2 protein chains.
Amino acid sequence: MNKFTFHNPTRIHFGEDQINKISKEIPENAKVLVVYGGGSIKSNGVYDQVKEALGNHKWYEFSGIEPNPLYDTAMKAIQIIKDKNIDYLLAVGGGSVIDAVKFIAAAALYDEGDPWDMLVKQAKVKQAIPFGAVLTLPATGSESNSGSVMTRDGNKLFFGSPLVYPVFAVLDPATTLSLSKRQISNGVIDAFVHTVEQYLTYPVNAKIQDRFAEGILQTLIEEGPLALTDEHQNNLDIRGNIMWSATLALNGLIGVGVPHDWATHMIGHELTALHGIDHARTLSIVYPAVLKTCKEAKHVKLIQYGKRVWNLTNQNDDALIKEAIAKTEAFFQTMQVPIRLSDVDLGKNDIDAILTKLEQHRMVALGEHQNITLDVSREILKMAI
Amino acid sequence: MNKFTFHNPTRIHFGEDQINKISKEIPENAKVLVVYGGGSIKSNGVYDQVKEALGNHKWYEFSGIEPNPLYDTAMKAIQIIKDKNIDYLLAVGGGSVIDAVKFIAAAALYDEGDPWDMLVKQAKVKQAIPFGAVLTLPATGSESNSGSVMTRDGNKLFFGSPLVYPVFAVLDPATTLSLSKRQISNGVIDAFVHTVEQYLTYPVNAKIQDRFAEGILQTLIEEGPLALTDEHQNNLDIRGNIMWSATLALNGLIGVGVPHDWATHMIGHELTALHGIDHARTLSIVYPAVLKTCKEAKHVKLIQYGKRVWNLTNQNDDALIKEAIAKTEAFFQTMQVPIRLSDVDLGKNDIDAILTKLEQHRMVALGEHQNITLDVSREILKMAI
């Protein structure tokens, strides 16, 4: 196991009726901006619960954060913050809303030029407005980590800072009951790929991290398909297990002291930026191709993954690896997501544009060995056709 | 899964050469009291590393914290704190030292009478001196939780408060290389029983917590015996996996949203207080008897434990449970700890005194169902002969 520092200060309130906890979490004299996306929180009752919990707090609202949240939209929220002297933010929604609030929190206090520099030049975040989150779509883990992905002019970029951990996050599985099947499946796939990006690399004898990652994967494999059935559509246990899995998949814990991959995410981001494909669906398309292309580098962990996560027993290593990858693809298909570029009507003529974007964003040495060059990314994309 | 709030603010610095992180963790102008136990940190080099890391800090030291730390000893440290205007504490040692520092941190600022009331009357902790920990003996998890156990006049009692989370904890596996085999095995057993106290109860469909607990148990089962061999006595990976397991066994994470048992700990505390038996060795004596006595109440989880942790396949439930308990005892024996009262020269004539102590401490409704009355504790102790 490699050396590491781990610190996750976010306070989690998990379970039904926990939204009322925000009344005590947010200081009484705070001026709050509630930030959300479309109108879904109004139709599913979450907006009303938040409103009730805010009680006598002085608060304003800003809606319209889109999936793959845009810089331009976030900057509009910053104007309100300045006009109203807002000093606390509350994100209500999924990862996009929380990511946007992280950017807004830091950008509102950024005084060294264009805050987009935090993403494009990795300019240091020196201060941020404190904020909490009410999660309604388990997927990204953003509710309990320090990272954010924003989009501007077709560029989907990342920034992170310890200053943008949510102070608190409410995870009420009941808020997820109104999600569409597509949203559920996207969330499960996102959490799954977050996990494997930190697990399916090469072994460093980090037994706890491996077993925790395997536990998350097994839980998602069991609960994901159930959540899509009509029979279990109101099962809060299943929703709760998925929600807690998604948070733990990317709250830092399983990723300490181990190598990370993230090639699938980097390639996937370009697919979203160029073609508007849902984030999770870019992952389900790219990941099987990454496994096939990098199966030598991932050999030992692929065998462990096959045996422990899929209970495979094939004595032949290569056959077992093939089976493990096939199981992964079959799971993705059960979750009703595409597993090939052709499933979303893309093909070999689209590869050059993706590579151009990767090059532009300096994504030229990806993966746990930093040896996924543009040429290897081309192989991966060809494999994904 | 039950509703819960989870918050663990301790910053972990894990790995070799991480002791130097304390120089940045402790404010420059702090007046620090370094608290430790016997002289082992002087002979194994940890004291020197701490001294070097403290650099220009103003610091004092207090040694002599004993295993099962005593109230009277802790109160002596408080006198130094008052005399020298200490405003930061640094625990260097195992769980006993860290537990003592938690008590010292809170007791030094307790102004409503005898600070022992925090334990005997569960008087509320309203403030505490901030402190960090350099862990040298992985076992109790105290380095990243908010609980402490102290002893006074033969009474071993617990207190807890969010104010006594360590600000930071250094986990350098190299500091554990000089431990005796007895210390290693005690640590592994302590972490193991911490885990099962939160896992082996009744199912509430908390899949992540279950799998994380199983992952810790499997890691301890694999690494514990290896750490005792001469061949692997300097293997930092093994020590690291044990160290990280012990922290995660009791940092709150696996215990959220699930029932807790803790009967073994409560009965074990009396064995330590009355007979001076090492904490972990009281657990290895009591736990198998708890499993046998409560096997109906724990039926479903015992089967899950047998199948997932021990890979048992017996089709007959009762036989499988018997096998699972036998495996547990065999593991304890491999770890060279006693599994019966008779192994430590105690027997049926000693049971009444233990029950009297349990009654005195109001430990009359233990276990996840609060139905382990004194009569059931008597059954457990008879089973443990």
Quick one: count up the residues across the range B:8-32 that are more than 7 Å from every other protein chain (Cβ to nearest Cβ) and in a loop (DSSP other than H, G, I, E, B).
6
Which of (1) modelled with pLDDT of 95 or more; (2) within 18 Å of B:K357 (Cα to Cα); (3) surrounded by 19 or more Cβ atoms within 10 Å (Cβ to Cβ); (4) not acidic (D, E) does B:I339 not meet, given it meets every other one?
(2)
Residue under evaluation A:A191, criteria (1) within 14 Å of chain B (Cβ to nearest Cβ); (2) over 14 Å from A:L137 (Cβ atoms), criterion not met:
(2)
Report every pair of residues separated by at least 6 positions or lying on different chains whose Cβ atoms are under 8 Å apart, first residue within the range B:267-278 and in contact (Cβ under 8 Å) with a residue 24 or more places away in the chain and under 14 Å from B:Q360 (Cβ atoms), second buried (at least 24 other Cβ atoms within 10 Å of the Cβ) and small (G, A, S).
B:I267/B:S377
May I ask you to verify whether B:E368 is under 22 Å from the mean Cα position of the chain (by Cα) and either charged (D, E, K, R) or part of a helix (DSSP H, G or I) (or both)?
yes
Please pick out the residue among B:P162, B:P130, B:P138 that is in contact (Cβ under 8 Å) with a residue 24 or more places away in the chain, under 29 Å from B:G224 (Cα atoms) and out of contact with any Pro (no Cβ under 7 Å at 6 or more places or on another chain).
B:P138
Modelled with pLDDT under 95 and either touching a helix residue (DSSP H, G or I) at 6+ places or on another chain (Cβ under 7 Å) or away from chain B (no Cβ under 14 Å) (or both) - does that describe any residue in the range A:78-91?
no
Take the conditions within 19 Å of B:Q333 (Cβ to Cβ) and in a helix (DSSP H, G or I) and apply them to B:L220. Does it pass?
yes
Extreme residue, farthest from the other protein chains (Cβ to nearest Cβ), among residues of the range A:33-52 that are surrounded by 14 or more Cβ atoms within 10 Å (Cβ to Cβ) and of a type in the set (S, T, N, Q):
A:S40
For the subset of the range A:200-226 comprising residues that are out of contact with any Gly (no Cβ under 9 Å at 6 or more places or on another chain) and away from every other protein chain (no Cβ under 12 Å), which member is surrounded by the most Cβ atoms within 10 Å (Cβ to Cβ)?
A:L200
Mind checking which residues of the range A:342-372 are of a type in the set (D, E) and surrounded by fewer than 21 Cβ atoms within 10 Å (Cβ to Cβ)?
A:D343, A:D345, A:D350, A:D352, A:E359
For the range B:358-378 the number of residues that are at pLDDT 95 or above and within 17 Å of B:T282 (Cβ to Cβ) is 7
Out of curiosity, is B:E379 within 22 Å of the chain's Cα centre (by Cα) and of a type in the set (D, E)?
no
Of everything in the range B:229-241, what is more than 12 Å from chain A (Cβ to nearest Cβ) and either charged (D, E, K, R) or surrounded by 18 or more Cβ atoms within 10 Å (Cβ to Cβ) (or both)? Give them in sequence order.
B:D230, B:E231
Look at A:V300 and say whether it is farther than 27 Å from B:A206 by Cα and over 19 Å from the mean Cα position of the chain (by Cα).
yes
Selection within the range B:46-83 - free of Cβ contacts under 8 Å to residues at least 40 places away in the same chain, within 22 Å of B:D99 (Cβ to Cβ) and of a type in the set (D, E, K, R)
B:E61, B:E66, B:K76, B:K82
Residue within the range B:166-174 that is in contact with a strand residue (DSSP E or B) (Cβ under 9 Å, 6 or more places away or on another chain), assigned to a helix (DSSP H, G or I), within 19 Å of B:I98 (Cα to Cα) and β-branched (V, I, T) present
no
When you go through B:F168, B:F131, B:F158 one by one, which is the residue that is assigned by TED's automatic domain parsing to the domain that holds B:A108 and at pLDDT below 95?
B:F158
Given the criteria within 14 Å of another protein chain (Cβ to nearest Cβ), over 19 Å from B:V170 (Cβ atoms) and either assigned to a helix (DSSP H, G or I) or of a type in the set (S, T, N, Q) (or both), does B:T5 qualify?
yes
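Here is a yes/no grid of residues against (1) crowded, with 23+ Cβ neighbours inside 10 Å; (2) aromatic (F, W, Y); (3) out of contact with any helix residue (DSSP H, G or I) (no Cβ under 7 Å at 6 or more places or on another chain):
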| position | (1), (2), (3) |
| --- | --- |
| B:S245 | yes, no, no |
| B:G276 | no, no, yes |
| B:I285 | yes, no, no |
| B:K295 | no, no, no |
| B:N311 | no, no, yes |
| B:N314 | no, no, no |
Which of (1) out of contact with any helix residue (DSSP H, G or I) (no Cβ under 7 Å at 6 or more places or on another chain); (2) not in a helix (DSSP H, G or I) is the odd one out, the single condition B:R182 does not satisfy?
(2)
If a residue has to be outside any helix (DSSP H, G or I) and either facing chain A (nearest Cβ under 10 Å) or under 25 Å from B:L302 (Cα atoms) (or both) to count, how many in the range B:242-284 make the cut?
10
Here is a list: B:I216, B:I184. Which entry is over 26 Å from B:H369 (Cα atoms) and either modelled with pLDDT of 95 or more or not charged (D, E, K, R) (or both)?
B:I184
Can you confirm whether B:N68 is away from every other protein chain (no Cβ under 14 Å), assigned to a loop (DSSP other than H, G, I, E, B) and out of contact with any strand residue (DSSP E or B) (no Cβ under 9 Å at 6 or more places or on another chain)?
no
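The values are calculated or read from the model by the stated rules, or taken from the named source; none is laboratory data. As the structure is a computational prediction, the values presented were derived from the model and not from experiment. Using ideal geometry, Cβ is built from the backbone for each residue, glycine included, and neighbour counts are taken over all protein chains shown.
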